[in-house]
Amino acid sequence: MTVTDSIPVSEITYFWHNGCPYVHRSSIVLHEKGLWDKIEKKHIDLKNKPEWYLQLYPIGKVPAIQIKDTFLPESAIIAEFFIENFEGVGPELLPSNPLVRAKIRLFIQQFQDAISPAFKYARGPVDDEALAVVTKFVTTVQNSLTALTLSDDGPFLLGSKFSLAEVITAPFALRLSLALEKKGVALPDSDKFARFHEWFNAVTTRESVLETFLGKEAYLAQIN
Ligand SMILES: N[C@@H](CCC(=O)N[C@@H](CS)C(=O)NCC(=O)O)C(=O)O
(Lines give C-alpha, C1' and ligand atoms only; values in the text may rest on other atoms or scores of the structure.)
Protein backbone atom coordinates (compact mmCIF):
# COMPACT_ATOMS: atom_id res chain seq x y z
CA MET A 1 0.00 0.00 0.00
CA THR A 2 1.30 3.50 -0.77
CA VAL A 3 0.08 6.48 1.18
CA THR A 4 -1.87 7.75 -1.80
CA ASP A 5 -3.99 4.61 -2.19
CA SER A 6 -7.57 4.85 -1.04
CA ILE A 7 -8.89 1.97 1.00
CA PRO A 8 -11.88 -0.02 -0.25
CA VAL A 9 -14.91 0.02 2.03
CA SER A 10 -14.68 -3.77 2.27
CA GLU A 11 -11.43 -3.41 4.25
CA ILE A 12 -12.86 -1.12 6.92
CA THR A 13 -14.61 -2.14 10.15
CA TYR A 14 -16.75 0.52 11.81
CA PHE A 15 -17.24 0.36 15.60
CA TRP A 16 -20.34 2.32 16.49
CA HIS A 17 -23.31 2.82 18.80
CA ASN A 18 -26.70 3.90 17.52
CA GLY A 19 -27.29 6.44 20.32
CA CYS A 20 -24.00 8.34 20.16
CA PRO A 21 -23.95 11.86 18.68
CA TYR A 22 -20.25 11.53 17.84
CA VAL A 23 -20.84 8.31 15.95
CA HIS A 24 -23.68 10.10 14.19
CA ARG A 25 -21.14 12.36 12.48
CA SER A 26 -19.26 9.60 10.69
CA SER A 27 -22.49 7.72 9.99
CA ILE A 28 -23.85 10.78 8.17
CA VAL A 29 -20.81 10.74 5.86
CA LEU A 30 -21.33 7.03 5.14
CA HIS A 31 -25.00 7.65 4.35
CA GLU A 32 -24.26 10.66 2.12
CA LYS A 33 -21.81 8.50 0.17
CA GLY A 34 -24.15 5.52 -0.14
CA LEU A 35 -21.81 3.34 1.94
CA TRP A 36 -23.90 2.88 5.06
CA ASP A 37 -25.08 -0.60 4.03
CA LYS A 38 -21.72 -1.57 2.54
CA ILE A 39 -19.38 -1.10 5.50
CA GLU A 40 -18.88 -3.82 8.10
CA LYS A 41 -20.31 -2.52 11.37
CA LYS A 42 -19.79 -3.73 14.93
CA HIS A 43 -22.23 -2.25 17.43
CA ILE A 44 -20.52 -1.74 20.80
CA ASP A 45 -22.56 -2.12 23.96
CA LEU A 46 -21.25 0.88 25.91
CA LYS A 47 -22.79 -0.27 29.19
CA ASN A 48 -21.04 -3.61 28.94
CA LYS A 49 -18.05 -3.15 26.66
CA PRO A 50 -16.75 -6.36 25.19
CA GLU A 51 -13.30 -7.37 26.41
CA TRP A 52 -12.05 -7.73 22.83
CA TYR A 53 -12.93 -4.06 22.15
CA LEU A 54 -11.12 -2.86 25.28
CA GLN A 55 -8.09 -4.82 24.22
CA LEU A 56 -8.22 -3.16 20.83
CA TYR A 57 -8.87 0.28 22.34
CA PRO A 58 -8.49 0.56 26.12
CA ILE A 59 -10.23 3.97 26.19
CA GLY A 60 -13.25 2.08 24.88
CA LYS A 61 -15.04 4.94 23.12
CA VAL A 62 -16.90 4.96 19.83
CA PRO A 63 -16.78 5.73 16.98
CA ALA A 64 -13.63 4.03 15.75
CA ILE A 65 -12.50 2.21 12.65
CA GLN A 66 -10.07 -0.57 11.95
CA ILE A 67 -8.21 -1.12 8.71
CA LYS A 68 -6.00 -4.20 8.95
CA ASP A 69 -3.66 -3.38 11.87
CA THR A 70 -4.52 0.34 11.95
CA PHE A 71 -7.05 1.50 14.54
CA LEU A 72 -8.45 5.04 14.36
CA PRO A 73 -10.73 6.63 16.98
CA GLU A 74 -12.31 10.14 17.16
CA SER A 75 -15.42 11.14 15.23
CA ALA A 76 -14.07 14.25 13.47
CA ILE A 77 -10.97 12.35 12.31
CA ILE A 78 -13.07 9.44 11.03
CA ALA A 79 -15.59 11.71 9.30
CA GLU A 80 -12.75 13.49 7.46
CA PHE A 81 -11.05 10.19 6.67
CA PHE A 82 -14.26 8.85 5.09
CA ILE A 83 -14.69 12.08 3.12
CA GLU A 84 -11.14 12.02 1.80
CA ASN A 85 -10.80 8.28 1.33
CA PHE A 86 -14.10 8.10 -0.59
CA GLU A 87 -13.54 11.25 -2.62
CA GLY A 88 -15.46 10.89 -5.87
CA VAL A 89 -18.05 8.60 -4.26
CA GLY A 90 -21.28 10.56 -3.68
CA PRO A 91 -21.23 14.28 -2.98
CA GLU A 92 -18.05 16.20 -2.30
CA LEU A 93 -18.26 17.12 1.37
CA LEU A 94 -14.94 18.96 1.75
CA PRO A 95 -13.89 21.19 -1.15
CA SER A 96 -10.15 21.39 -1.77
CA ASN A 97 -9.96 25.19 -1.63
CA PRO A 98 -7.95 26.06 1.53
CA LEU A 99 -9.97 29.19 2.31
CA VAL A 100 -13.24 27.28 2.06
CA ARG A 101 -11.80 24.60 4.35
CA ALA A 102 -10.68 27.24 6.84
CA LYS A 103 -14.18 28.74 6.85
CA ILE A 104 -15.77 25.32 7.42
CA ARG A 105 -13.44 24.67 10.36
CA LEU A 106 -14.02 28.12 11.84
CA PHE A 107 -17.78 27.63 11.59
CA ILE A 108 -17.48 24.25 13.34
CA GLN A 109 -15.41 25.76 16.14
CA GLN A 110 -17.79 28.67 16.66
CA PHE A 111 -20.80 26.33 16.62
CA GLN A 112 -19.22 23.98 19.16
CA ASP A 113 -18.24 26.79 21.51
CA ALA A 114 -21.79 28.14 21.39
CA ILE A 115 -23.77 24.92 21.69
CA SER A 116 -22.13 23.52 24.83
CA PRO A 117 -23.73 26.02 27.24
CA ALA A 118 -27.05 25.82 25.35
CA PHE A 119 -27.10 22.05 25.93
CA LYS A 120 -26.46 22.51 29.61
CA TYR A 121 -29.54 24.68 29.88
CA ALA A 122 -31.62 22.55 27.55
CA ARG A 123 -31.37 19.91 30.24
CA GLY A 124 -31.70 22.25 33.24
CA PRO A 125 -34.49 24.52 34.52
CA VAL A 126 -36.21 26.89 32.09
CA ASP A 127 -35.45 30.31 33.48
CA ASP A 128 -34.27 33.68 32.16
CA GLU A 129 -30.67 32.56 32.26
CA ALA A 130 -31.46 29.48 30.20
CA LEU A 131 -33.34 31.52 27.61
CA ALA A 132 -30.44 34.00 27.41
CA VAL A 133 -27.98 31.17 26.76
CA VAL A 134 -30.15 29.68 24.01
CA THR A 135 -30.56 33.12 22.42
CA LYS A 136 -26.79 33.56 22.57
CA PHE A 137 -26.33 30.24 20.77
CA VAL A 138 -28.75 31.28 18.00
CA THR A 139 -27.10 34.69 17.70
CA THR A 140 -23.59 33.19 17.49
CA VAL A 141 -24.54 30.66 14.82
CA GLN A 142 -26.47 33.29 12.86
CA ASN A 143 -23.47 35.65 12.97
CA SER A 144 -21.09 32.87 12.02
CA LEU A 145 -23.24 31.82 9.06
CA THR A 146 -23.65 35.40 7.92
CA ALA A 147 -19.93 36.10 8.12
CA LEU A 148 -18.74 32.84 6.57
CA THR A 149 -21.44 31.78 4.07
CA LEU A 150 -19.97 31.40 0.61
CA SER A 151 -23.13 31.38 -1.47
CA ASP A 152 -26.69 32.66 -1.15
CA ASP A 153 -28.23 29.88 -3.20
CA GLY A 154 -28.99 27.42 -0.45
CA PRO A 155 -29.43 26.87 3.23
CA PHE A 156 -26.05 25.39 4.16
CA LEU A 157 -22.74 27.08 4.96
CA LEU A 158 -21.62 26.43 1.38
CA GLY A 159 -25.01 27.37 -0.08
CA SER A 160 -26.69 24.37 -1.71
CA LYS A 161 -23.82 22.04 -0.77
CA PHE A 162 -24.10 20.03 2.44
CA SER A 163 -20.53 19.73 3.77
CA LEU A 164 -18.28 18.79 6.66
CA ALA A 165 -19.63 21.92 8.38
CA GLU A 166 -23.01 20.21 8.75
CA VAL A 167 -21.65 16.66 9.19
CA ILE A 168 -19.95 17.71 12.42
CA THR A 169 -22.66 19.99 13.78
CA ALA A 170 -25.92 18.31 12.69
CA PRO A 171 -26.02 15.59 15.38
CA PHE A 172 -25.86 18.25 18.06
CA ALA A 173 -28.24 20.68 16.33
CA LEU A 174 -30.84 17.91 16.02
CA ARG A 175 -30.49 16.82 19.64
CA LEU A 176 -30.67 20.40 20.91
CA SER A 177 -33.86 21.06 18.93
CA LEU A 178 -35.49 17.94 20.40
CA ALA A 179 -34.32 18.65 23.95
CA LEU A 180 -35.68 22.20 23.75
CA GLU A 181 -38.94 21.03 22.17
CA LYS A 182 -39.38 18.61 25.04
CA LYS A 183 -38.99 21.46 27.53
CA GLY A 184 -41.40 23.65 25.58
CA VAL A 185 -38.65 26.17 24.82
CA ALA A 186 -38.91 27.74 21.38
CA LEU A 187 -35.80 29.01 19.65
CA PRO A 188 -36.01 32.79 19.14
CA ASP A 189 -37.84 33.11 15.86
CA SER A 190 -37.61 36.62 14.52
CA ASP A 191 -36.65 37.92 11.09
CA LYS A 192 -33.38 38.80 12.71
CA PHE A 193 -32.55 35.07 12.94
CA ALA A 194 -33.83 34.05 9.50
CA ARG A 195 -30.43 32.77 8.32
CA PHE A 196 -30.06 30.65 11.44
CA HIS A 197 -33.50 29.08 10.98
CA GLU A 198 -32.94 28.41 7.29
CA TRP A 199 -29.75 26.51 8.16
CA PHE A 200 -31.13 24.81 11.27
CA ASN A 201 -34.26 23.52 9.50
CA ALA A 202 -32.27 22.21 6.54
CA VAL A 203 -29.76 20.45 8.78
CA THR A 204 -32.29 18.84 11.12
CA THR A 205 -34.39 17.50 8.23
CA ARG A 206 -31.54 16.25 6.02
CA GLU A 207 -32.19 12.63 4.99
CA SER A 208 -28.70 11.40 5.93
CA VAL A 209 -29.04 13.02 9.36
CA LEU A 210 -32.44 11.46 10.12
CA GLU A 211 -31.72 8.05 8.60
CA THR A 212 -28.67 7.61 10.83
CA PHE A 213 -30.39 8.93 13.99
CA LEU A 214 -31.76 6.57 16.61
CA GLY A 215 -35.11 8.40 16.51
CA LYS A 216 -36.86 11.10 18.49
CA GLU A 217 -38.60 8.88 21.06
CA ALA A 218 -35.47 6.85 21.77
CA TYR A 219 -33.39 10.00 22.13
CA LEU A 220 -35.87 11.66 24.47
CA ALA A 221 -35.97 8.51 26.59
CA GLN A 222 -32.16 8.61 26.71
CA ILE A 223 -32.09 12.13 28.19
CA ASN A 224 -34.83 11.58 30.78
N1 LIG B 1 -14.08 12.76 21.32
C2 LIG B 1 -14.74 11.53 20.98
C3 LIG B 1 -15.93 11.34 21.91
C4 LIG B 1 -16.62 10.00 21.68
C5 LIG B 1 -17.51 9.62 22.85
O6 LIG B 1 -17.50 10.28 23.92
N7 LIG B 1 -18.28 8.55 22.66
C8 LIG B 1 -19.07 8.06 23.75
C9 LIG B 1 -20.46 7.64 23.28
S10 LIG B 1 -21.42 9.00 22.72
C11 LIG B 1 -18.43 6.81 24.32
O12 LIG B 1 -17.87 6.02 23.60
N13 LIG B 1 -18.57 6.63 25.62
C14 LIG B 1 -18.09 5.47 26.29
C15 LIG B 1 -17.13 5.80 27.39
O16 LIG B 1 -16.83 6.99 27.58
O17 LIG B 1 -16.69 4.90 28.05
C18 LIG B 1 -15.18 11.57 19.52
O19 LIG B 1 -15.41 12.68 19.00
O20 LIG B 1 -15.27 10.51 18.89
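The values are calculated or read from the model by the stated rules, or taken from the named source; none is laboratory data. From a predicted model like this one, the values you see are computed outputs, not experimental measurements. Don't worry about glycine lacking a Cβ; one is built from the backbone with ideal geometry, like all the others, and counts go over all protein chains shown. SASA here: full protein model, heavy atoms, side chains in, ligands and nucleic acids out. Shrake-Rupley method; radii C 1.70, N 1.55, O 1.52, S 1.80 Å.
Miscellaneous remarks
- Scanning region 66-84 for residues that are crowded, with 17+ Cβ neighbours inside 10 Å and of a type in the set (S, T, N, Q), we see that the one that is farthest from the ligand (Cβ to nearest atom) is Q66.
- Positions within region 163-182 being of a type in the set (D, E, K, R) and either more than 15 Å from V126 (Cβ to Cβ) or free of Cβ contacts under 8 Å to residues at least 12 places away in the same chain (or both), in sequence order: E166, R175, E181
- Applying a threshold of 7 Å to beta carbon distances and a minimum spacing of six or more residues, or different chains, the list of pairs starting in region 193-206 at a residue that is assigned by TED's automatic domain parsing to the domain that holds A173 and ending at one that is open to solvent by 40 Å² or more (accessible area, probe 1.4 Å) reads R195/T146; H197/D189.
- From the list F119, F196, the one residue that fits, being open to solvent by less than 40 Å² (accessible area, probe 1.4 Å), under 25 Å from N18 (Cα atoms) and among the aromatic types (F, W, Y), is F119.
- Within region 183-221, tally of residues that are aromatic (F, W, Y) and more than 21 Å from A132 (Cβ to Cβ): 3
- So G88, is it over 17 Å from P171 (Cβ atoms), of a type in the set (G, A, S), free of Cβ contacts under 8 Å to residues at least 24 places away in the same chain and open to solvent by 10 Å² or more (accessible area, probe 1.4 Å): yes
- Subset of region 127-167 [open to solvent by 10 Å² or more (accessible area, probe 1.4 Å) and of a type in the set (A, V, I, L, M)]: L131, A132, V133, A147, L148, L150, L158
- Filter pass, L174 being under 22 Å from V23 (Cα atoms) and at pLDDT 95 or above: yes
- Within region 1-57, being more than 20 Å from E84 (Cβ to Cβ) and either outside the structural domain of L72 (by TED's automatic domain parsing) or in contact with a His (Cβ under 6 Å, 6 or more places away or on another chain) (or both) holds for I44, L46.
- Restricting attention to region 18-34, the residues that are surrounded by fewer than 22 Cβ atoms within 10 Å (Cβ to Cβ), within 13 Å of the ligand (Cβ to nearest atom) and assigned to a helix (DSSP H, G or I) total 2.
To keep it simple, each residue is scored yes or no on (1) surrounded by 14 or more Cβ atoms within 10 Å (Cβ to Cβ); (2) more than 10 Å from the ligand (Cβ to nearest atom).
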| position | (1), (2) |
| --- | --- |
| V9 | yes, yes |
| T13 | yes, yes |
| W16 | yes, no |
| W36 | yes, yes |
| E51 | no, yes |
| A64 | yes, no |
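- Pairs are defined by a Cβ separation below 6 Å, a sequence spacing of at least 6 or placement on different chains, a first member in region 52-78 that is in contact (Cβ under 8 Å) with a residue 12 or more places away in the chain, and a second member that is more than 10 Å from the ligand (Cβ to nearest atom) and of a type in the set (V, I, T); the pairs so defined are I65/I12; Q66/T13; I67/I7; I67/I12; I78/I65.
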